[in-house]
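J.: Have a look at this one before I ask anything.
The values are calculated or read from the model by the stated rules, or taken from the named source; none is laboratory data. Computed from a prediction, not measured in an experiment: that's the story for all the values here. Neighbour counts are summed over all protein chains in view; Cβ atoms, including those assigned to glycine, are modelled from backbone coordinates with ideal geometry.
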Amino acid sequence: MSLSNPLTNAEQSNAHKLTFQRLNIDKSMRGDPVTVDYNPKELAFTKRANYADIAIPGLDVAPLQFVRGDAETVGFELLFDTTSHGMGDRAVPVIDKFKALYGLVKIDGDMHTPPIVRLSWGDKNIGYLPNAENETAHANVFDAVVLSVERKFLLFTSTGTPVRAVVTMALKEYRSVAEQVAAINFRSPDHTRIYTVMEGDNLPSIAAKKYSDPSYWRVIAEHNGIRNVRQLTPGSQLELPPLR
């Protein structure tokens, strides 16, 4: 991935740091963040949707029924090295560099589960994709739970001190039901919707299109404070309230 704009020194510093911030259930921050050098050679995101076959006898291809989405996952490798401190008596165990990451997959005493974490980096949108109605929402963060932390030691001193290691992490997206419903913005008769008036529209015709019953024109008129139901201005917007 190439960046079209050059980064300032501050942006370069942030772009090379990967931060894990523990979160409460309400997404408020808790505790101190865990920050490591951001050095994976690749960052892979996966998003899937689940469909079920509908069994209809005699068809060559079974129709598909959408069931649900799957949480997005991300995986990456981080390299840790302490050989700059030497390979002799001053050698520093490399595990000190990443032991805080291991805690992200352990049970949190306050929550009784492993923590929810917010993964963030730089200011470029390569993670959670914003929805069309809020193009800047969480452009560089990924709220998730940590599925696994794998550690592989690559180099040891003559006395057995590990000084180089690769840590492989897998995270799975975490979003509450309320967050998902707000982001999806279901457009159905039990939710308020916005309708843009077209040439030739009147309230009965709009009610017929959107509620499948022209008699609901009164609901639209009352909600929007309209007196003349047959003279609408093309391009104006109406709120279509939920049916109770």
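The rows are residues; the columns are (1) at pLDDT 90 or above; (2) under 30 Å from F98 (Cβ atoms); (3) part of a helix (DSSP H, G or I).
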{"site": "L147", "(1), (2), (3)": "yes, yes, no"}
{"site": "F153", "(1), (2), (3)": "yes, yes, no"}
{"site": "G160", "(1), (2), (3)": "yes, yes, no"}
{"site": "F186", "(1), (2), (3)": "no, no, no"}
{"site": "K209", "(1), (2), (3)": "no, no, yes"}
{"site": "R230", "(1), (2), (3)": "no, no, no"}
{"site": "L243", "(1), (2), (3)": "no, no, no"}
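To keep it simple, each residue is scored yes or no on (1) assigned by TED's automatic domain parsing to the domain that holds G160; (2) surrounded by 14 or more Cβ atoms within 10 Å (Cβ to Cβ); (3) touching a residue at least 60 places away in the same chain (Cβ under 8 Å); (4) not polar (S, T, N, Q).
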{"residue": "K47", "(1), (2), (3), (4)": "yes, no, no, yes"}
{"residue": "I56", "(1), (2), (3), (4)": "yes, no, no, yes"}
{"residue": "E72", "(1), (2), (3), (4)": "yes, yes, yes, yes"}
{"residue": "T82", "(1), (2), (3), (4)": "yes, yes, yes, no"}
{"residue": "K97", "(1), (2), (3), (4)": "yes, yes, yes, yes"}
{"residue": "M111", "(1), (2), (3), (4)": "yes, yes, yes, yes"}
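J.: Another question, then. Can you name the residue in region 40-97 that is of a type in the set (D, E) and within 29 Å of V117 (Cα to Cα) and is also nearest to the chain's Cα centre (by Cα) among such residues? It would help to see each step written out before you state the result.
T.: Quick first cut of region 40-97, residues of a type in the set (D, E) only: 42, 53, 60, 70, 72, 77, 81, 89, 96.
Add one more test, that the residue is within 29 Å of V117 (Cα to Cα), and what stays is 42, 70, 72, 77, 81, 96.
Working: E42: 19, D70: 11, E72: 7, E77: 20, D81: 31, D96: 30 Å.
Here the residue is E72.
J.: What are the residue pairs meeting all of these: first residue in region 59-70, first residue closer than 20 Å to R48 by Cα, second residue surrounded by 11 or more Cβ atoms within 10 Å (Cβ to Cβ) and of a type in the set (A, V, I, L, M, F, W, C), Cβ atoms under 6 Å, and 6 or more apart or on different chains?
T.: Q65/A52; V67/A52
J.: Shifting gears a bit: Mind counting the residues in region 211-228 that are within 18 Å of T192 (Cβ to Cβ) and in a helix (DSSP H, G or I)? Step through it out loud before you land on a result.
T.: First, pick out the residues of region 211-228 that are within 18 Å of T192 (Cβ to Cβ): 211-213, 216-226.
Those still in the list that are in a helix (DSSP H, G or I) too: 211, 216-224.
Adding up the residues that qualify gives 10.
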